[in-house]
Each structure stands twice: as structure tokens, then as C-alpha cells.
Amino acid sequence: TQAQTMLDEQPAPPEPAPLATTGKRPKGLHATGHEVTAVGDSVMLASTGELLRVLPGIDIKASVGAQLREAPQVLERLRASNRLRRVVVLGLGTNGDMPAGTLDAVREVIGPDRELLLVTVHASRDWT
């Protein structure tokens with residue numbers, strides 16, 4: 001299709017610059033896949049191939065029907081098994097609403113030393 005052809009013509013993203021010898025990340029450098037844990041629903045599951053291509057080594061926990069209300073428990077299990085990395089991506093929201101306090105619970109589980117990235121959704125549903 002024309003859309004797929006346009007996607008195929010997009011240049012590959014640039015390789016990230018190596019870390020400085022001090023171990024500090026140069027300003028503007030994004031995380032590598034080995035620093036990212038992603039938790040998501042079927043939308044993320046369908047994007048797994050592209051996520052792995054762009055962020056080799058990313059740890060993805062995605063499943064059909066996953067809901068944002070489950071995120072604190074999922075993240076707690078990942079933390080307990082030592083799989084929760086420095087950057088946490090939540091790609092949830094297409095399967096239900098977010099009860100009050102959910103993001104506070106997520107922040108508590110991941111702690112102050114991890115970055116949290118939220119992938120927002122837009123769909124013709126009451127909760128989006």
C-alpha cells in the first residue's frame with residue numbers, strides 16, 4: 001500500500017552516540033533498549049518487532065487485554081524478579097479506564113530513580 005511504501009522509505013533512526021567515559025549520558029541521548037522495560041497491551045504487542053528494531057534489548061511485557069489498572073502489580077512482579085530497568089514505558093489504556101491512584105501506585109513501585117514514560121491513547125471509547 002502507499003502507506004507501507006512511505007514507511008519503507010523512511011530512513012532508519014540514527015545510532016545512539018556512545019556513552020562518555022564518565023558514564024554520564026550526553027545531553028539529548030535517549031536510553032538504549034537494555035535500559036528500557038515496556039509494559040503494554042495488544043497495541044504494544046503488535047509493535048514488538050519495531051520496538052526491538054529501534055531499541056535492541058528492550059524488555060517487553062505486553063499482552064492482549066492488558067489494562068492500566070493492572071500496571072502496579074505487573075511492575076511489582078518485574079521489580080521482584082529484577083527485570084525492572086531504569087526507564088519504564090507504559091503503553092496501556094485501550095482496554096479500560098484508569099482508577100484514581102493508579103499512577104501514584106506505579107510511581108511508588110518504580111521508585112524515584114526510574115523514568116516513567118506514558119504512551120497515551122485516543123480511541124472512540126468512553127475512557128480515552
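What the table shows:
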| item | result |
| --- | --- |
| Other-chain or far-sequence residues with amide H under 5 Å of Gly40's (modelled H) | Lys61, Ala62, Ser63, Gly91 |
| Protection proxy ranking, peptides 78-89, 45-56, average beta carbon neighbours within 10 Å, highest first | 78-89, 45-56 |
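The numbers here are math on the coordinates, done by the rules we state, and not lab data. All values derive from a computational prediction rather than experimental measurement. No Cβ is skipped: glycine too gets one built from the backbone with ideal geometry, and neighbour counts run over all protein chains shown.
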